[in-house]
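I have placed the structure first, in the form of structure tokens, so that the comments after it can refer back to it.
Bear in mind these aren't lab numbers, they're just calculated from the coordinates by the rules spelled out. Keep in mind that what you see is a predicted model, and the values were worked out from it rather than measured. Neighbour counts run over all protein chains shown; Cβ positions are idealised from the backbone, glycine included.
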Amino acid sequence: MKNPGDTCMSECNIVLAGVGGQGVLLLSEILGRAALESGYDVRVAEIHGMAQRGGSVTCTVRIGERVYSPTFSEGEADIIIALEPAEAIRNITFANPETLIIMNTAAVPPPGIYLSNQKYPDLKDIIVALGEASKNILVIDALSLAERAGNPATQNIVMLGLLSATGRFPVGADTLRMVLAESLRTEMLETNIRAFNLGFESFNAI
């Protein structure tokens, strides 16, 4: 399934999806700032979200020479980064056959699923559904890599490193690392850089 495709050129539409506590907003901030550092116009929007841990959070990031709106239509995403599998399915309507979808395998079932007696979707079924929407799917156990880095909360940065390695994001790894360093407290930086590098290196193993 590894076929990342070409780097976004004139415009790059990105969907970031996860749940509260996974760092979706930080990830959008880092991507936006890195694009600005590289001279791109950037628009970022939180489509919907809940601040509490466990609630769905979705952001869009638009990058280009001139971008007027932070949102885009279904089927227009160049990249979807899903920090949680069910959130990948929730946002699948943004995908088209060329969309790069990067999905974390670590599930975070919403609290309400147990109260409603619903069943969390099977991971294999999610991957099949994503494969029907796009031919460019990367699946990663970001939790394991984040734990290797020293902090399970760095799953979002693992995903950032993997995105960088694909070459689809129009900003290089050095700029992303620089913005990462500017965005985090000093005591958190070493672990996050390690998480980024592990994500970057994982591309050759997927």
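By DSSP, what percent of the beta bridges with both residues in the chain are antiparallel, rounded to the nearest 5? Here the share of antiparallel DSSP bridges comes out near 55 percent. Working note: Karplus 6.51/-1.76/1.60 with θ = phi - 60° gives region 194-206 the couplings 4, 5, 4, 5, 5, x, 4, 5, 5, 4, 6, 9, 7 Hz, where Gly and Pro are set to x. Remark: spin-label model distance Ala129-Thr71 equals 2.2 nm, labels positioned 7 Å along the Cα→Cβ axis. Compute the normalised compactness of region 32-171: alpha-carbon radius of gyration over 2.2 N^0.38 Å, N being the residue count. Normalised Cα radius of gyration, region 32-171: 1.08. A Förster radius of 22 Å, combined with the Cβ-Cβ distance separating Ser144 from Asn204, puts the computed FRET efficiency at roughly 0.85. Taking other C-beta atoms within 10 Å as the exposure proxy, Val108, Val128 rank Val128, Val108 from fewest upward.
Using 0.36 nm times the number of residues separating Arg90 and Ser183, minus their current alpha carbon distance, what extension gain do you get? List each step's numbers first, then the result.
Details: separation 93, 0.36 × 93 = 33.48 nm, distance 2.88 nm.
Result: 30.6 nm gained on full extension.
Distant-in-sequence amide contacts of Leu138, defined by a placed amide H-H separation under 5 Å and a gap of 5 or more residues or a different chain, comprise Ile101, Ile102, Met103. Calculated on C-alpha atoms, the gyration radius of region 126-206 divided by its Kirkwood radius gives an Rg/Rh of 1.01.
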